[in-house]
Amino acid sequence: MGRILVLDELTANKIAAGEVVERPASIVKELIENSIDAGSSRIEISVTDGGLTSLVVSDNGTGMDTTDAGLAFERHATSKIKNAGDLDHIQSLGFRGEALPSIAAVSRLNLKTRIKEAVSGTEVVIEGGQILTTADIGSPVGTIVEVNDLFFNTPARKKHMKGPNNEAGHVSDIVNKIAMGYPHISFQLKSNGRVILKTPGKGDLLECIAGVYGIEAAREMLLVEAQKSENSISGYVGKPSLSRAARNHQIIYINGRYVRNRGIAEAVEKAYHSMLMVGRHPVFVLNIRVNPETVDVNVHPAKTEVRIAKAGEIESFVTSAVSQTLAGNRLIPAPVYKPVPKQGLGGPTVKQEEWQVPYISTASEEQIRELPESSEYVPELSGASTGTGILADSIPREAGEQPCFPELRPIGQIDCTYIVAQGSDGMYLIDQHAAHERILYEKYMEKPDDFVASEQLLFSVALQLTFQETQVLNDHIINLTDLGFVVEHFGGETFLLRGVPAAAAKIGGREIFLDLLDYFSRNRHTISSKALREKLLITMACKSAIKANHNLGLPEMESLLGQLSKARNPFTCPHGRPTLIHFSGYDLEKRFKRVL
Ligand code: ADP
Ligand code: MG
């Protein structure tokens, strides 16, 4: 160990840049936040090669005078707070005075700025953190920051950059997220000269959402508005039908700042309880306002996380506000029960008509009746799924071996979700969705080629993607074609889905297609085409399977249990969750204290 040295400012800035400036998108974020803090009503962003070659952010805000334009590049130089006490009630997005010096330390930067009181503006040229020139120039009121040759002097960081498409995707993602937080500001984003986002800046959040997620999605959004003492919430939540496989479309602002906050996201999801399938996540854009003194914004260098003093209180406020919106829109399926006809118990005499199906989920009754009467499984799976359920472990079956599945007689349903059945050795509860999922999955895996084969849609489906999704689509078009999707570029970020894998044709391939895009954007490593295919079949089984909260007649239950009994691995769903649980006669006797 050598002697301890105090680092010079340039080195300190380069180190800080490591935290603040992860990639072009993080620079764009910092620069936009500065423009917002400067009171701009119009912010334009333009990136070349995803920002790796150049990125420009210009605004019509207050601008800076010549002195401030130079000071702005000094470490911890900020106009936004004066002392540590101010940290307790931050109203601005910036306050660390770190962004400009950090960005300047790892790029060639050019700043032009003018305040409205001055006749001319100031230009500062800076390279690797060193000011080369400061000059008077003609310039409009506001600020233009141009960042060129990012990471030219930090090759290690430069190596970590993904391709320009990927970086452009990240830029577009962050601009979308900030833009929806400021409907009063008009945002424009250009990538390689093409406009990929434009918000009108008229103050209408729904219009912004339409600009980002498309009009179709905006139509499926419901208004949330509530206030309780100091706290308020406003914004939009997606109908359950708009749910996604990833949480990327969940946007939260706390006091105007876009943040990631697990607690609040979960509080919103809680309001959707039982309306969404496992693994599905709602889409939402929510502005939450709380007393600034209860929020600590200084917990993360990029300021994307905050700590809320009374988190629990805010979270339950959020859950109840979103629940009210969802309930007010009658989205919760209310099953209608009819009394079970006595003579029908277990017997074949119950006619289908006597059972009322309260609402039609995507898995219609037809699909259940459509199940083959008997299926001669000739399984070719090679341990495709490994059960982790209670019974699965004990039953590793060979091809053609008779399953030791109990003989079950259905008695009825609990919560329209679980089938109660009598076996020779006690009571069984069967998760109807998991069971049907297993049946369909095995059916698909038996002849995967048939079910993945592309089927042309009668009416092609228009998809309005985000710019980032378009990048993912371009990167994975071969995979998607391989899986039976036929996609045609329509213009801009709009695509036409013309064909889908056969098993998805009935349920509409849209949701499955979007799921795959989500999956690809989360898993950037390559995955074998066989594994991908299996993933698709699992997803299709899940989507086509009868849902929870779905009323079933006894014949349907019988058919379902009959099918399950013939499955090769009947005890778990393809995700490894149990399809059934067992209470033996002894268990029941113990519970009732008939035996000790
Ligand atoms: P912070 O935003 O945390 O204060 P920055 O390094 O991002 O730190 O910016 C330093 C200062 O430069 C800001 O406090 C502000 O006074 C000034 N500044 C930066 N960008 C702009 C802009 N677009 N318009 C006006 N002033 C700006
Ligand atoms: Mg800043």
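Some observations on this one:
- Positive contributions from Lys and Arg (+1) and negative ones from Asp and Glu (-1), summed over other residues with Cβ under 14 Å from the Cβ of Ile430, come out at -3.
- Percent accessible area from carbon and sulfur atoms, the range 118-274, protein chains only, probe 1.4 Å: 51
- Taking all protein chains into account, the per residue accessible area for the range 9-198 stands at 42 Å² (1.4 Å probe).
- Within the range 527-544, backbone nitrogen closer than 18 Å to the virtual label 7 Å beyond the Cα of Met277 toward Cβ: 532-544
- Note on Val125 and His575: the extension gain reaches 156.3 nm, defined as 0.36 nm multiplied by sequence separation minus the Cα-Cα distance.
- Charge tally in the Cβ shell below 12 Å around Asp49, where Lys, Arg are +1 and Asp, Glu are -1, Asp49 excluded: -1
- Extension gain for Asn291 to Lys190 (0.36 nm times residue separation, less C-alpha to C-alpha distance): 32.8 nm.
- A crude spin-label estimate for the pair Lys82 and Glu220, with each label 7 Å from Cα along the Cβ direction, gives 5.1 nm.
- Environment charge at Ser232 (Cβ cut-off 9 Å; Lys +1, Arg +1, Asp -1, Glu -1): 0
- Note on surface exposure: Leu536, Leu205, Leu458 rank Leu458, Leu205, Leu536 by accessible area, highest first, 1.4 Å probe.
- The range 377-596 - percent of accessible surface contributed by carbon and sulfur, probe 1.4 Å: 53
- Projecting the Cα positions of Val285, Met275, Ser232 onto the charge dipole of the range 205-327 (unit charges on Cβ atoms of Lys, Arg, Asp and Glu, taken about the Cα centre) puts Met275 furthest along the positive direction.
- Dipole magnitude for the range 377-596: about 460 debye, using +1 per Lys or Arg Cβ and -1 per Asp or Glu Cβ, origin at the Cα centre.
- Tensor-based shape of the range 377-596 (alpha-carbon gyration tensor, a/c under 1.5 rounded, otherwise prolate or oblate): prolate
- Among His273, His489, the sequence by solvent-accessible area, most first, with a 1.4 Å probe is His273, His489.
- Using the 1.4 Å probe convention, the accessible area of the range 377-596 works out to 47 Å² per residue with neighbouring protein chains retained.
- Here's the list of lysines a cross-link from Lys506 could span, going by alpha-carbon distance under 24 Å and ignoring same-chain residues fewer than 8 apart: Lys239, Lys443, Lys447, Lys530, Lys535, Lys543, Lys547.
- Two-site FRET efficiency, Asp475 against Asp425, from Cβ-Cβ distance with R₀ of 51 Å, rounded to 0.05: 0.45
The values are calculated or read from the model by the stated rules, or taken from the named source; none is laboratory data. None of these values were measured; they are calculated from a predicted model. Cβ atoms come from the backbone with ideal geometry, glycine included; neighbour counts cover every protein chain shown. Please note that ligands, DNA and RNA were not included when accessible areas were found on the heavy atoms of the full protein model with its side chains. Shrake-Rupley method; radii C 1.70, N 1.55, O 1.52, S 1.80 Å.
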